[in-house]
Amino acid sequence: MSGILVMPISDLRNKGRDVLKKVQQQPAVITQRGRPRAVLVDYEQYNDMISRLEALEAARDALIIERALQTAEDFVTFEEMLADYAGATGIQFTVGEIAEAAKNV
């Protein structure tokens, strides 16, 4: 990829096929009135970027959880927390009920 491909939005209207061919090679910054407004990316490249982003976010989340578990001193399981809540309030929830309610949020 050599340099950044920049093109005015009018090219999308006037040279749509040419723009799509160029975008298969590299992303393009679309300008409107000389200002960057959007980036046009090939569909397959976009899907690859999203897959990589999701994998990176999952790895980051796993690392955060691992570090939290390693450094936690007074760790309480979710089930223990529910039991404590039930003891304090007299209201009991199951993990299944909470999972079902979370789907509706």
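The values are calculated or read from the model by the stated rules, or taken from the named source; none is laboratory data. None of these values were measured; they are calculated from a predicted model. Because the Cβ atoms are built from the backbone with ideal geometry, glycine has one as well, and the counts that use them run over all protein chains shown.
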Margin query: Residues to consider are 24, 92; find the one that is surrounded by 11 or more Cβ atoms within 10 Å (Cβ to Cβ), modelled with pLDDT of 85 or more and assigned to a loop (DSSP other than H, G, I, E, B).
Written below: 92
Next item on the list: Determine if segment 71-85 includes at least one residue that is assigned to a helix (DSSP H, G or I), surrounded by fewer than 10 Cβ atoms within 10 Å (Cβ to Cβ) and at pLDDT below 85.
Entry: yes
